[in-house]
1. If you go through segment 25-44 one residue at a time, do you hit one that is closer than 14 Å to Ser323 by Cα, touching a residue at least 12 places away in the same chain (Cβ under 8 Å) and touching a Leu at 6+ places or on another chain (Cβ under 6 Å)?
2. Taking the stated definitions as given, is Phe125 under 21 Å from the mean Cα position of the chain (by Cα) and of a type in the set (A, V, I, L, M, F, W, C)?
3. Give the number of residues within segment 204-253 that are within 12 Å of Lys165 (Cα to Cα) and away from the ligand (no atom under 16 Å from the Cβ).
4. Do you know which residues across segment 326-369 are away from the ligand (no atom under 16 Å from the Cβ), in contact with a Ser or Thr (Cβ under 9 Å, 6 or more places away or on another chain) and of a type in the set (Gly, Ala, Ser)?
5. Could we say that Asn391 is within 16 Å of the ligand (Cβ to nearest atom), crowded, with 22+ Cβ neighbours inside 10 Å and either among the aliphatic types (A, V, I, L, M) or not in a helix (DSSP H, G or I) (or both) here?
6. Can you spot a residue in segment 230-244 that is within 25 Å of Leu397 (Cα to Cα) and of a type in the set (A, V, I, L, M)?
7. Working only within segment 294-318, note down all residues that are within 19 Å of the chain's Cα centre (by Cα) and assigned to a loop (DSSP other than H, G, I, E, B).
8. Do you know which residues across segment 228-287 are among the polar types (S, T, N, Q) and under 21 Å from the mean Cα position of the chain (by Cα)?
Amino acid sequence: MNLFQGHKAIAVPQNVIAWDIDPYSKEVLLNPETFFSALREKGPFVYLNKYKMLACGRYKETKEVFSDHKRFVSSRGVGIQDFKLEKPWRPPSLVLEVDPPEHTKNRRFLTRALSPNKISQLKDFFKDCADKLISELLEKKKIDGISDLAEIFPTRVFPEAVGLKKIDKETLLGYGAMVFNALGPDNQFRKDAMAKGLPVLEKINKQCLEENIDTKGLAKEIYRSTAENLEEDQLAGMLVRSLLSAGIDTTVSAIGNLLWCLAENPEQFQLVKNDTSLVGNAVEESLRLTSPVKAFCRTSAADTEVSGVTIEEGTKILCVLGSANTDPEVWETPYKYDVTRRTIGHLALGVGVHNCVGQTLARAEITALASSLTELVKVIKPGDKAIWKPNNAMRSLESLPIILET
Ligand code: OVV
């Protein structure tokens, strides 16, 4: 078999357009909408010449592939590399990178620890922290939405909510960058993230151990609920690792992208200020429009067919969530940030058995911050040009100069 970037190099399927674009390039990140539109126009699937795999970006097929965990598995990795053919850089996640029935069993521990009931107990804490942070930033007036806000809020509230004793912002952000860049090809973004490697990994692994976990946080819940699983002493630690992998970069990006939406669309911010019942939907709409997790792959477990396209066993499919979330077949004026839009059905948090298990926590954090903004800030204005940060799987900002007015 012909391997390419760790997966089976497939041939161009019949009736599928072969395309030279590099979806992992900085150019695509800087201009994702052009890429999304072209991807959808070329058909239900395209063949990526550069990576010898498929990609999809129409809502229908993206949802179909994501919803069918039997035909399109996660256990072979959700990046470009096929774990059946190559050893992954870290032991696979017990939730992200497994299929049912193991997935079902493992995920249940996280579902319990992150139940809406547990998360609602954190709401006041999130809101107090958000109010405090925004009040501080209002003194500065001109801020960087990323380094002053998006990176600060989750790295302050998340470790405390989870019950992490001694973890620093750089370690959490560095690990997130590794996890998400590792999903792409071995390009410069992946190499740069991995270069920070060992010290970060060691700290993260240590942090997952029971002795380094607070008795009050969500991580302790995971240790409690897995305690009867004596045959798997790594289980709880590995599930805590999932929280650290998926809980920081995602919310940092989501908050940065939300600020970008609000700064670029001041009339939408005013709509939310005038009717605070729109706060939740303003958050959902920013998730839809900017899809912080740009794309995840699936691997076909057997020869199959979707929308008339033959897909052979072992095919990697890049499912471009941001494109599905802006498909004009589903979304009117898809590239407009509209806080009154019906956002139900967006795929920013996935769909199917692997849909984001931390979404209640993520929403609680982001909504707390959005509420503080609408209550405390009169106007959010762009200060200088936003700078996007290249990443193989995230759509996020490097810097977002904004002006907050009271
Ligand atoms: C959703 C997600 C992203 C990254 C890592 C993980 C999950 C994990 O379980 O490690």
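The values are calculated or read from the model by the stated rules, or taken from the named source; none is laboratory data. These numbers were taken from a predicted model, which means no experiment stands behind them. As a convention, Cβ positions derive from the backbone with ideal geometry for all residues, glycine included, and neighbour counts pool all protein chains shown.
1. Within segment 25-44, none of the residues are closer than 14 Å to Ser323 by Cα, touching a residue at least 12 places away in the same chain (Cβ under 8 Å) and touching a Leu at 6+ places or on another chain (Cβ under 6 Å).
2. Numbers: under 21 Å from the mean Cα position of the chain (by Cα): no; of a type in the set (A, V, I, L, M, F, W, C): yes.
So Phe125 fails the test.
3. 11
4. Result: Ala364, single match.
5. It is true that Asn391 is within 16 Å of the ligand (Cβ to nearest atom), crowded, with 22+ Cβ neighbours inside 10 Å and either among the aliphatic types (A, V, I, L, M) or not in a helix (DSSP H, G or I) (or both).
6. The answer is yes; a qualifying residue exists.
7. Correct list: Lys294 only.
8. Ser242, Ser245, Thr250, Thr251, Ser253, Asn257, Asn281, Ser286
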